[in-house]
Amino acid sequence: MAVGTHGESYIETDPPGSPGRQPQGGPGHGLDGLAQVATKIRDAIESVIEGKPGVVRLALTVLLAEGHLLIEDVPGVGKTMLAKALARSIDCSVRRVQFTPDLLPSDITGVSAYNQERREFEFKPGPVFAHIVVGDEINRASPKTQSALLECMEERQVTVDGTTYSLEQPFMVIATQNPVEMEGTYPLPEAQRDRFTARISMGYPDPTAELEMLDVHGQSAPLERLSPVAHANDVRDIINVVRHQHVAPAVKQYAIELVSATRKHPELRLGASPRATLHLVRAARAYAALDDRDYVLPDDIQDLAVPVLAHRLLPTAEAQVERRRPEQVVAELVNRLPVPSPRK
Amino acid sequence: MRVKMTVMAALATLASSVGLYPLFASGTWFWSGLGAVIVVAGAGLLMRRLRAPSLLGALGGLGALHLYLNARFASEQALLGLVPTPGSLRRLGELMGDGWNAANQYAAPVPLVPGIELLAATGIGLVAVAVDLLAVRLRRSAPAGLPLLAMYSVPAAVREDSVSWIAFGLGALGFLMLLMADAREQVGGWGRAVFTRRWSESTAEQPVERPDSSGMAASGRRIGVAAVAVAVLLPTFIPGIHPRGLFGMGGSGGGGSQTVTTVEPLAQLKRDLNGPNSDAVILTYRTDDTERPDYLRMYALDKFEGDRWTYTALPSSSRDRVSDRDLPTPPGLSTARFRRVNTQIKVRRAVKKVDFLPAPYAPNRVSIKGDWRAHPQSLMIYSLRDSASGRSYTVSSLRTQPTSAQLAQSGRYPSEIVTPYTKLPNSIPPQVRKLAEEVTQGAPTAYEQAVRLQRWFTETGGFTYDLNPPSPSSPNDLADFLLNSKRGYCEQFAASMAVMARILNIPARVAIGYTAGTQVGQGEWEVRSKDAHAWPELYFEGAGWVRFEPTPAGAGGQGTAATPPYTQQLAEQPTEEPTEAPDPESSSSVTQSPNPTTGPNSRPEDGGADVGAEDEQSSGLPIPVGWLAGGLLVILLLAAPMAARLLTRRRRWSAVAAAPLPSTTGPPSGAAAHAAWREVHADALDHGLSWRQSDSPRAAARRLGELLELDPPASQALSRIARAEEVARYARSRPPAADLRADVRTVRTAMSAAVGRRARLRARFLPPSTMSEFRDAGTRAMEAAGRLNAAFRWPRNK
């Protein structure tokens, strides 16, 4: 089901149901089932990405929060590996798009091609028509192409030639980008950044993890050995569980306080949007569920504040001169904002 | 932001103007002042909107104030009720004059006539203009305190009782708020600041491009509030700084002193007696007294300083006014007979500075124009601002008519009389003490002692009345007069007799005033300068203060002096016996004649011992009692935080006990968890452990656990509490049932073990958490002020 190639870009198809990719065991319902499925996926990913439990947990959180994930880090730390491992551990359709400057919007959404046999235009779905879309080096594509993702990501639908096609459920975009190499890149527009639930960075592995990686990766390719541990339907089920997580009003208000604090912060030119609040609470639900809790704590909000909020913020020129990063600002806010507590 | 500053300046002016309340008899002046402040603030805003220069702005404020005054006080004469016309100007001028006269006529609180109200509104308005100019236009908030202080000092200077601390605190807080608002703006320009603001306050605000300085403002507020609190509280705790002295501008400023002192009364006496105008008529009076009228007393000197008699400074307050009320009953007057005497006195106009009224003792009711006051103990009548020269007044007095038997039977003295009125400096020469004993040797009662003293001075002592006594040869005037020269006038006689009475433990004081003078008609008397006189007053329980007359009367003495009848009755009896050489027998015979019954003073030794013992008791006992009470108070104060902590703990747990148990079915109850968590919080505060507001229960528990290196049981107990609190706060389900109280106890023990000895002791005896409620209350009050700030910031951003 190859779509086409343009120059160096390629689109890798990984159709579901390929041999050896059988989901193992059916999940139960509720939090127990969620924990079961989540643990399996987590273990699967961690067999590939060593020594990064926090990153893996965040990636899972975004999946369960029905969000999209932006992985930003220097080359070679395993961004793509994480994306692929997440994608592979779930038995669902996965597409990978290598973003290049000459990638066109239609390369993503799909094209209407004239079918000579049937003498009519027929829509050839692009790579977004998959459960998980891995967008590699997303900042290398032109803004035009990047914005083609916007509608898909937020509305989970594609409109081509006036026809709207729904995307898969679950649908998740995992994008990677390289913050160092600036030449020939187009920074993501704010609007698109805002559509990613979280941005995470891998970070270098610690020496022992790196040593282990050498051992494991020296002998075989663990990604190859990875087989799906959960079915797309399981994921749909646990997403449903996450949706019904309890968020106390105090915690909601805390989230709002935190987000609105970014809007008034003197060092920020652009604060976080109401969508950020939505994403924050949604992610907190998933995060709590992964912790085997059926209620959200301010701790969840605190843990998620930097990954969920920081990439949406724009520091002021002065703050940039002072080399203040939005991450620092958010962390500071988290440390200053009192947690909601009952009035005496 | 200028809007906010304007409003803050106006508020500060208003808050300070509250301090004017003691000046006025009613409170409606405040509304006039409020109007003036609002008008000035509005004018200030308008002038800034028009970008007028500062001075013009101030002029605009003045103009607006004038318009307001027109509208408020002279609307009938003004054009359209507002625009000034010659008529309205005249009207305002008249009102001002009225107000000025009223202010001069009445002592504060003055009745709120329109003129006074106009003056108040004008004053407040002028201050508002000045504050607006300084704080808002010139950006000098600190000097803006000067007009505020000036306004505040008006009541402080005029009223002798101080302005209440509430008014002071209000004024100070108003000024602080002004400073705060200004500083916040300035700090805002500096750059990044700490950010702590609750969501609830901030939603209404637009995004600010200025750094939020509320963190610094919070500490600023705390410092400010603490400073005001210290200023209010400290003087009450330090004996040296009397609050009056602080708030009432202590000392003796012109007419504004809180205590009354005048020129040396005795020096005045000498001038009156000896001066070139000693024949000048001072006053005339008409009395309905059938006998020879009593002396007219002005001063009562209660303090002997070793070389002279003075009176203790009189604490004065408007409550002491004599107008239209009965004066306090004369001290000690109970069993003795007295009769009411009415005296109409007219003081000659030529006599200047009569600020103590000559009146027969004991005045009971005084009718006189002006602000005259009576000292309750001595019944001196004085004024802080008025003079009786040229005035007529009526005194209704109670003239005591004790019999010598009554005086002889007079019982023990109350200690509040004995202590102050028998006090003598240590410098009294021993010869004088001995002399007093000798003269009164064998006298069985205090009364008898006094009579013997009087007789010794007037008859047997060999004293000579001399208005120009030789200059003393020894440094001590008193000893010189008594032992060597024996020449002097009423001052020496009165002073010496009072001192000797005190030596004998008879409460005594020196009165100064005029003798009854010369009769010039039926009930009409005339008092001349040479009738100025000093005489001792001795205290006898039942009769009160009783006049004695040691000064020789008649041609060779004080011409118009008269010995009181009750001192003569007994004096006649002992004349049969030789008093020059009193012996024990004679005194014992005297004892039996006036008072054979047993009484406290029936024997001289007993009497003396009694009085002495009482003196010792009264001066000796209160000291340990005072120390004891003070110590107790200190202990109580020290124990208060601990007690407060224990009470809070008990209250929390008993509230939990009252609430349904978490294990029972029903709505989830987090009461136990909340109580346990608050206890842990309080305990952590008590032990000086840091507690971050941004920590959720589990984060706080984790932090505490790491900080204290808790052992597993304590650590588990702590996490159980944290988990219960977490569930109670944020989850749908009920917290797990557990014995949280025991867990709290475990954690507390672990905390005590983990911290140092000092922190442990402090946690036990001075737990800081007890202060947090005060702090919270303060913070809330300040947050309210902050919200006010925010509310005024808002329109600018629109």
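The values are calculated or read from the model by the stated rules, or taken from the named source; none is laboratory data. In this text the structure is predicted, and so the values were computed from the model without any measurement. Positions of Cβ are backbone-derived with ideal geometry, glycine not excepted, and every protein chain shown enters the neighbour counts. Quick note on the areas: whole protein, heavy atoms, side chains included, nothing else; ligands and nucleic acids left out. Shrake-Rupley method; radii C 1.70, N 1.55, O 1.52, S 1.80 Å.
The condition of being within 30 Å of B:Asn101 (Cα to Cα) and modelled with pLDDT of 60 or more holds for only one of B:Val187, B:Val127, that being B:Val127. Contact map, segment B:285-310: first residue more than 25 Å from B:Ala388 (Cβ to Cβ), second residue open to solvent by 30 Å² or more (accessible area, probe 1.4 Å) and outside any loop (DSSP other than H, G, I, E, B), Cβ cut-off under 8 Å, separation 6 or more or different chains; pairs are B:Asp307/B:Asp477.
Condition test on A:Gln98, is it open to solvent by 20 Å² or more (accessible area, probe 1.4 Å), at pLDDT 85 or above and assigned by TED's automatic domain parsing to the domain that holds A:Asp194? It is true that A:Gln98 is open to solvent by 20 Å² or more (accessible area, probe 1.4 Å), at pLDDT 85 or above and assigned by TED's automatic domain parsing to the domain that holds A:Asp194. Restricting attention to segment B:701-722, the residues that are within 14 Å of chain A (Cβ to nearest Cβ) and out of contact with any helix residue (DSSP H, G or I) (no Cβ under 7 Å at 6 or more places or on another chain) total 2.
What tally of residues in segment B:422-451 results from selecting those that are surrounded by fewer than 23 Cβ atoms within 10 Å (Cβ to Cβ) and part of a helix (DSSP H, G or I)? Looking only at that region, the number is 9. Being buried (at least 17 other Cβ atoms within 10 Å of the Cβ) and either outside the structural domain of B:Ala144 (by TED's automatic domain parsing) or touching a Phe, Trp or Tyr at 6+ places or on another chain (Cβ under 6 Å) (or both) is a property that does not hold for B:Val18. I'd like the residue in segment A:323-344 that is without any contact (Cβ under 8 Å) to a residue 12 or more places away in the chain and among the charged types (D, E, K, R) and, out of all such residues, is farthest from the other protein chains (Cβ to nearest Cβ). My answer is A:Arg323. Would you be able to say whether some residue in segment A:111-120 is buried (at least 16 other Cβ atoms within 10 Å of the Cβ), outside the structural domain of A:Pro307 (by TED's automatic domain parsing) and in contact with a helix residue (DSSP H, G or I) (Cβ under 8 Å, 6 or more places away or on another chain)? There is no residue in segment A:111-120 that is buried (at least 16 other Cβ atoms within 10 Å of the Cβ), outside the structural domain of A:Pro307 (by TED's automatic domain parsing) and in contact with a helix residue (DSSP H, G or I) (Cβ under 8 Å, 6 or more places away or on another chain). Within segment A:176-222, restricting attention to residues that are among the hydrophobic types (A, V, I, L, M, F, W, C), surrounded by fewer than 17 Cβ atoms within 10 Å (Cβ to Cβ) and modelled with pLDDT under 80, the residue that is farthest from A:Ser142 (Cα to Cα) is A:Val216. In segment B:723-770, which residues are in a helix (DSSP H, G or I), open to solvent by 70 Å² or more (accessible area, probe 1.4 Å) and either within 14 Å of chain A (Cβ to nearest Cβ) or touching a residue at least 60 places away in the same chain (Cβ under 8 Å) (or both)? If the condition is that a residue be in a helix (DSSP H, G or I), open to solvent by 70 Å² or more (accessible area, probe 1.4 Å) and either within 14 Å of chain A (Cβ to nearest Cβ) or touching a residue at least 60 places away in the same chain (Cβ under 8 Å) (or both), then B:Arg723, B:Arg741, B:Arg760, B:Arg762, B:Arg764, B:Phe765 are the ones that fit.
All of B:Pro363, B:Pro376 fail the test of being open to solvent by less than 30 Å² (accessible area, probe 1.4 Å) and either in the same structural domain as B:Leu538 (by TED's automatic domain parsing) or closer than 16 Å to B:Val395 by Cα (or both), apart from B:Pro363.
The rows are residues; the columns are (1) open to solvent by less than 50 Å² (accessible area, probe 1.4 Å); (2) farther than 23 Å from A:His311 by Cβ; (3) among the acidic types (Asp, Glu); (4) modelled with pLDDT of 85 or more.
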| residue | (1), (2), (3), (4) |
| --- | --- |
| A:Gln24 | no, yes, no, no |
| A:Gly30 | yes, yes, no, no |
| A:Ala44 | yes, yes, no, yes |
| A:Leu58 | yes, no, no, yes |
| A:Leu69 | yes, no, no, yes |
| A:Gly78 | yes, no, no, no |
| A:Leu86 | yes, no, no, yes |
| A:Leu103 | yes, no, no, yes |
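Only helices (runs of 4 or more DSSP H) whose full extent lies in segment B:1-116 are considered here, and the ones with at least 2 residues that are hydroxyl-bearing (Ser, Thr, Tyr) are B:2-17, B:54-73. From the list B:Ile124, B:Ile116, the one residue that fits, being in contact with a strand residue (DSSP E or B) (Cβ under 6 Å, 6 or more places away or on another chain) and β-branched (Val, Ile, Thr), is B:Ile116. Taken over segment A:260-319, the residue count meeting the criterion of being more than 11 Å from chain B (Cβ to nearest Cβ), open to solvent by 10 Å² or more (accessible area, probe 1.4 Å) and small (Gly, Ala, Ser) is 2. Scanning segment A:278-295 finds no residues that are over 24 Å from A:Arg42 (Cβ atoms), part of a loop (DSSP other than H, G, I, E, B) and outside the structural domain of A:Leu70 (by TED's automatic domain parsing). Residues being outside the structural domain of A:Gln192 (by TED's automatic domain parsing) and within 18 Å of B:Val727 (Cα to Cα) are entirely absent from segment A:305-325. Here A:Pro228 clears all of (1) within 14 Å of chain B (Cβ to nearest Cβ); (2) assigned to a loop (DSSP other than H, G, I, E, B) except the condition numbered (1). Scoring A:Arg312 on the criteria (1) touching a Leu at 6+ places or on another chain (Cβ under 9 Å); (2) more than 18 Å from A:Thr197 (Cα to Cα) leaves a single failure, condition (2). Filtered by the rule that a residue be among the hydroxyl-bearing types (Ser, Thr, Tyr) and either open to solvent by 10 Å² or more (accessible area, probe 1.4 Å) or not in a helix (DSSP H, G or I) (or both), segment B:496-528 gives B:Tyr514, B:Thr515, B:Thr518. A:Thr208 meets each of the listed conditions (1) within 30 Å of A:Thr145 (Cα to Cα); (2) outside any loop (DSSP other than H, G, I, E, B); (3) more than 14 Å from chain B (Cβ to nearest Cβ); (4) hydroxyl-bearing (Ser, Thr, Tyr) apart from (1). Counting the residues of segment B:452-482 that are over 26 Å from B:Tyr311 (Cβ atoms) and part of a helix (DSSP H, G or I) gives 5. Residues in segment B:313-329 that are hydrophobic (A, V, I, L, M, F, W, C), assigned to a loop (DSSP other than H, G, I, E, B) and at pLDDT below 75: B:Ala313 only.
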